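K.L.:
If you scroll down you'll find the structure; I have some questions about it.
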Amino acid sequence: KLARDWYFVQASPSDERARQLPMPDELLGELLAYIVAHEVGHSLGFPHNMKASSAFTVAQLRDPEFTAKWGTVASIMDYGRFNYVAQPGDGASLIPRIGPYDFFAVEWGYREFRPGAEERGLAAIVARQVDDPMVRFGDADPGEDPARQTEDLGHDPVEATALGLKNLARVADYLVAATCRKGEDYELLRNMYDQLVNQRNREIGHVVSVVGGVHQASFWYGDAERVYTPVEAERQRAAVAFLVAQVFETPAELTRADVLDRLEAAGVADRVLAGQRQVLSALLGEARLKRMAELAERDPGAAYPPDEMVAEVTGAIWRELRGEAPVTIGLYRRNLQRAHAEHLGQQLERRGGSSDLPGLARAELDRILAGVRQARPRAADRLTEAHLGDMAERIERFLDPRGASGS
């Protein structure tokens with residue numbers, strides 16, 4: 001079921017066989033063969049290698065010749081799943097297969113050497129990792145190293161996710177036709193809609209990890225000058241810009257009436273907000289901001305400062321407050337703004353002495369409150385006016401719990 005569900009939401013735009021459920025046995029056999037090969041790898045002693053899914057570029061993942069040879073990840077022991085980067089018409093392979101790292105690992109673990117030659121021979125094998133990223137290893141580390149994530153694909157998470165979201169929009173277009181049959185209930189539609197939501201959240205999470213990210217290469221002294229290399233500041237800024245556009249605006253593929261009218265009377269607003277909260281908590285988390293602050297202190301000219309990122313998020317979430325035009329704030333945006341203010345307010349209670357988060361949160365709440373007060377007289381409808389009034393009171397209470405006036 002997992003193989004069917006994930007192949008449908010990840011790869012069906014590029015495989016017509018998967019756009020109609022149930023899938024043909026031939027296709028399911030291919031998916032199960034991949035899973036079996038992965039488990040055989042464990043029986044040979046190989047752990048999960050989560051760095052392998054970041055070894056290929058987006059161009060390689062869309063290349064029929066390259067993917068026919070190496071599949072979609074550098075190791076079948078990664079959790080790369082299926083090729084959600086490939087676009088219809090690319091002709092790229094969609095299912096992982098035994099990759100460069102797997103041949104490397106088999107040679108390391110099982111090659112025989114002449115007496116006295118093993119130590120030198122093993123050293124020569126492992127030395128390939130210095131120059132060839134396709135044979136490097138990494139445990140899962142979604143919080144720090146964006147190249148060591150699960151369920152991701154490609155060297156550039158922003159570029160890969162942009163293409164992945166295009167495919168999810170395509171899946172949403174034929175979701176009803178693929179899952180519904182006359183005389184049957186909507187259980188399969190519900191299942192696949194939930195899978196669509198989950199896949200979107202997974203791909204968005206890969207982009208979040210770029211912000212404040214640090215690549216780790218397990219080099220020893222003499223192999224390279226450094227083990228940890230921060231993600232370039234411009235790549236981090238591009239990731240935040242992508243999240244602003246894709247997360248803080250309402251995703252059309254999740255709010256389609258042709259799907260929701262068959263599944264529920266209400267609930268999509270909470271579902272959208274849950275995904276937005278997840279991103280907010282990750283972006284504005286203490287560990288990420290402390291890491292960004294340390295990197296900025298170490299190399300100010302090359303770093304992406306945490307205060308810049310926090311201000312960018314605030315500006316995007318409260319964009320309706322800018323300018324002089326009448327203000328209208330819709331349901332999904334009201335929910336997001338409440339969640340953002342609540343998250344910032346919670347940070348004021350932190351008592352640790354090594355984090356800038358409380359100070360940054362207070363500064364952003366002051367800025368939001370000033371904008372809310374200026375925008376409230378320009379509210380174009382009663383719901384917007386009520387929302388801004390409520391936000392003013394809540395933020396005042398966050399900033400001064402004992403002296404909030406309710407103005």
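K.L.:
Which residues, taken from the range 50-86, are closer than 20 Å to PHE137 by Cα and basic (Lys, Arg)?
P.N.:
Passing the criteria: LYS51, ARG81.
K.L.:
Residues in the range 384-395 that are within 17 Å of ALA325 (Cα to Cα) and either surrounded by fewer than 17 Cβ atoms within 10 Å (Cβ to Cβ) or free of Cβ contacts under 8 Å to residues at least 24 places away in the same chain (or both): how many?
P.N.:
Counting residues in the range 384-395 that are within 17 Å of ALA325 (Cα to Cα) and either surrounded by fewer than 17 Cβ atoms within 10 Å (Cβ to Cβ) or free of Cβ contacts under 8 Å to residues at least 24 places away in the same chain (or both) gives 1.
K.L.:
Please note which helices (runs of 4 or more DSSP H) are completely contained in the range 79-141 and include at least 1 residues that are modelled with pLDDT of 95 or more and surrounded by 20 or more Cβ atoms within 10 Å (Cβ to Cβ).
P.N.:
Passing ranges, in order: 100-110.
K.L.:
Of these, VAL279, VAL268, VAL310, VAL259, which one is among the β-branched types (Val, Ile, Thr) and closer than 22 Å to ALA162 by Cβ?
P.N.:
After ruling out the rest, the residue left standing is VAL279.
K.L.:
So which residues in the range 144-161 are of a type outside the set (Ser, Thr, Tyr) and either open to solvent by 40 Å² or more (accessible area, probe 1.4 Å) or free of Cβ contacts under 8 Å to residues at least 12 places away in the same chain (or both), if there are any at all?
P.N.:
Correct list: GLU144, HIS155, ASP156, GLU159.
K.L.:
Based on what the data block shows, is GLU320 in contact with a helix residue (DSSP H, G or I) (Cβ under 9 Å, 6 or more places away or on another chain), within 26 Å of ARG237 (Cα to Cα) and buried (at least 19 other Cβ atoms within 10 Å of the Cβ)?
P.N.:
yes
K.L.:
Filter the range 56-69 down to residues that are surrounded by 16 or more Cβ atoms within 10 Å (Cβ to Cβ) and in contact with a Gly (Cβ under 8 Å, 6 or more places away or on another chain) and give me whichever is farthest from VAL231 (Cα to Cα).
P.N.:
Of everything passing the filter in the range 56-69, LEU61 is farthest from VAL231 (Cα to Cα).
K.L.:
Please work out which residue is least open to solvent (accessible area, probe 1.4 Å), limiting yourself to the range 353-365 and to residues that are farther than 29 Å from PRO251 by Cα and without any contact (Cβ under 8 Å) to a residue 60 or more places away in the chain.
P.N.:
PRO358
K.L.:
For the range 309-341, which positions are farther than 21 Å from ARG382 by Cα and touching a residue at least 40 places away in the same chain (Cβ under 8 Å)?
P.N.:
MET309, VAL310, ALA311, GLU312, VAL313, THR314, ALA316, HIS340
Residues checked against (1) in contact with a strand residue (DSSP E or B) (Cβ under 7 Å, 6 or more places away or on another chain); (2) open to solvent by 60 Å² or more (accessible area, probe 1.4 Å); (3) assigned to a helix (DSSP H, G or I):
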{"site": "ALA11", "(1), (2), (3)": "no, no, yes"}
{"site": "GLN20", "(1), (2), (3)": "no, yes, no"}
{"site": "MET23", "(1), (2), (3)": "no, no, no"}
{"site": "LEU27", "(1), (2), (3)": "no, no, yes"}
{"site": "HIS38", "(1), (2), (3)": "no, no, yes"}
{"site": "GLY41", "(1), (2), (3)": "no, no, yes"}
{"site": "MET50", "(1), (2), (3)": "no, no, no"}
{"site": "SER53", "(1), (2), (3)": "no, no, yes"}
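K.L.:
Out of all the residues in the range 181-197, is one or more outside any helix (DSSP H, G or I) and touching a residue at least 12 places away in the same chain (Cβ under 8 Å)?
P.N.:
Yes - at least one qualifying residue is present in the range 181-197.
K.L.:
Now, a different point. Are any residues in the range 249-274 among the hydrophobic types (A, V, I, L, M, F, W, C) and either farther than 16 Å from ARG338 by Cβ or at pLDDT below 95 (or both), and if so, which ones?
P.N.:
Within the range 249-274, ALA252, LEU254, ALA257, VAL259, LEU260, LEU263, ALA265, ALA266, VAL268 qualify.
K.L.:
What residue, among those in the range 242-274 that are under 14 Å from the mean Cα position of the chain (by Cα), part of a helix (DSSP H, G or I) and in contact (Cβ under 8 Å) with a residue 24 or more places away in the chain, is surrounded by the most Cβ atoms within 10 Å (Cβ to Cβ)?
P.N.:
So, considering only residues that are under 14 Å from the mean Cα position of the chain (by Cα), part of a helix (DSSP H, G or I) and in contact (Cβ under 8 Å) with a residue 24 or more places away in the chain, the one surrounded by the most Cβ atoms within 10 Å (Cβ to Cβ) is LEU243.
K.L.:
Can we say TYR193 is aromatic (Phe, Trp, Tyr), at pLDDT 95 or above and crowded, with 20+ Cβ neighbours inside 10 Å?
P.N.:
yes
The values are calculated or read from the model by the stated rules, or taken from the named source; none is laboratory data. Owing to the predicted nature of the structure, the values given are computational and were not obtained by experimental measurement. Every residue, glycine as well, gets a Cβ built from its backbone with ideal geometry; the counts of neighbours run over all protein chains shown. Each accessible area value is taken on the protein alone, full model and side chains, heavy atoms only, with ligands, DNA and RNA left out. Shrake-Rupley method; radii C 1.70, N 1.55, O 1.52, S 1.80 Å.
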